[in-house]
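The values are calculated or read from the model by the stated rules, or taken from the named source; none is laboratory data. This structure is a prediction, so every number in the text was calculated from the model and none was measured. With ideal geometry, Cβ positions are generated from the backbone for all residues, glycine too; neighbour counts draw on all protein chains shown.
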Amino acid sequence: MRERIVRAVAGSIVLLSVVLIYFVSINWIWLTVFVGVNLLQSSFTRFCPLEKILDGFGVPSNNGKCC
């Protein structure tokens with residue numbers, strides 16, 4: 001469940017930033033860069049800030065179970 005939430009939030013932020021880049025300012029590209037860098041670092045370190053936030057809300061982890 002948690003992995004799906006992380007992917008959905010990351011994808012939503014990227015799509016939102018594309019809309020903001022088009023309609024507001026090119027400077028919103030830094031939001032996309034931030035999300036990309038965060039995803040890349042989490043693939044190496046296995047640390048994701050959003051997962052810590054979801055821990056605080058009590059969202060259960062997958063525990064090795066698919067979907």
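General observations
- Candidates in region 12-52 are the residues that are out of contact with any helix residue (DSSP H, G or I) (no Cβ under 8 Å at 6 or more places or on another chain) and in a loop (DSSP other than H, G, I, E, B); of these, the one that is nearest to Arg2 (Cα to Cα) is Arg46.
- Some residue of region 10-18 being modelled with pLDDT under 90, out of contact with any His (no Cβ under 6 Å at 6 or more places or on another chain) and surrounded by 10 or more Cβ atoms within 10 Å (Cβ to Cβ): no
- Unmet criterion (only one of (1) loosely packed, with under 10 Cβ neighbours inside 10 Å; (2) modelled with pLDDT under 95; (3) of a type outside the set (Asp, Glu); (4) on the phi < 0 side of the Ramachandran plot) for Ser25: (2)
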